[in-house]
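Student: A single structure is presented below for examination.
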Amino acid sequence: MTASLTDAPDVDEADGRGARDPRDRRGRRKVAGVKRLAWTVVAILAVVGAIAVSWFTPLMSVRSIDVSGADVLEPAQIISTAAIPMGKPLLQVDTAPAAARIAAIPRVKTVRVQRSYPSGIDITIVERVPVAFVARSGQWHLVDVDGVDFAQQKALPRLPRLTDDRSTDSSADRAALSVVAGLPADLRGRVIEVGADGPAGVTLTLAGGKKVIWGDDEDGPAKARTLGYLLTRDGTEYNVSAPQFPTYR
């Protein structure tokens, strides 16, 4: 009986490719890994170089400072107070101290100082808005809704007078200021005095001497609408502390 022997194939019958040496695959992986490492090092050096150029050279230095939100205040005053040198590399500008210096201006309520690449500084402020005034030491002091006394003037302001001129940080005064700030413009223009004997005891005095018992600083729009209806009636005192059940006399 004759047996036939066949040689082992040199080609993989499944995919028609010759067998690969495992050592060759390991070598290729090492080369690929070295290339990736080299590119990573190059990228890191490029970033470090860019930072160094930005930090130490005038290529990204302060060339402009823009101020937004200034109404009463002059932008030049804001820029001067910020004290950020022109030509200083942008990355060396510490914005926090600059913002703190601007925030020290009494009329400034909030401030934000930001770098604007490649060579600018943006300063955004919100000014305090006067809602009433108090009389102190022969001058009229403007106060905002938070009770902050931030400016003085000799001319009588066209604002309601806060009748308690001893302090503007009590809960009663804050309620009074909150009420005034929330009034519709046409009604606010008729108020000559505002006071409060407590957070729920706000009263308004209108031009002509009419008195309005307002109550607390809640339901402002409803109270204003109700007062608008009541003011069409003859009277000297109007109570809208409960706007659903108003009274007048």
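Student: From the list Ala172, Ala151, Ala181, which one is touching a Pro at 6+ places or on another chain (Cβ under 9 Å) and in contact (Cβ under 8 Å) with a residue 40 or more places away in the chain?
Tutor: Among Ala172, Ala151, Ala181, only Ala151 is touching a Pro at 6+ places or on another chain (Cβ under 9 Å) and in contact (Cβ under 8 Å) with a residue 40 or more places away in the chain.
Student: What number of residues within the range 72-111 are in contact with a helix residue (DSSP H, G or I) (Cβ under 7 Å, 6 or more places away or on another chain) and either at pLDDT 95 or above or closer than 26 Å to Asp146 by Cα (or both)?
Tutor: 11
Student: Moving to a separate point now. Which one of the conditions (1) modelled with pLDDT under 95; (2) closer than 29 Å to His141 by Cα does Ser61 fail to meet, given that it meets all the rest?
Tutor: The one condition Ser61 does not meet is (2).
The values are calculated or read from the model by the stated rules, or taken from the named source; none is laboratory data. Predicted model only: the values in this text are computed from it and were never measured. Don't worry about glycine lacking a Cβ; one is built from the backbone with ideal geometry, like all the others, and counts go over all protein chains shown.
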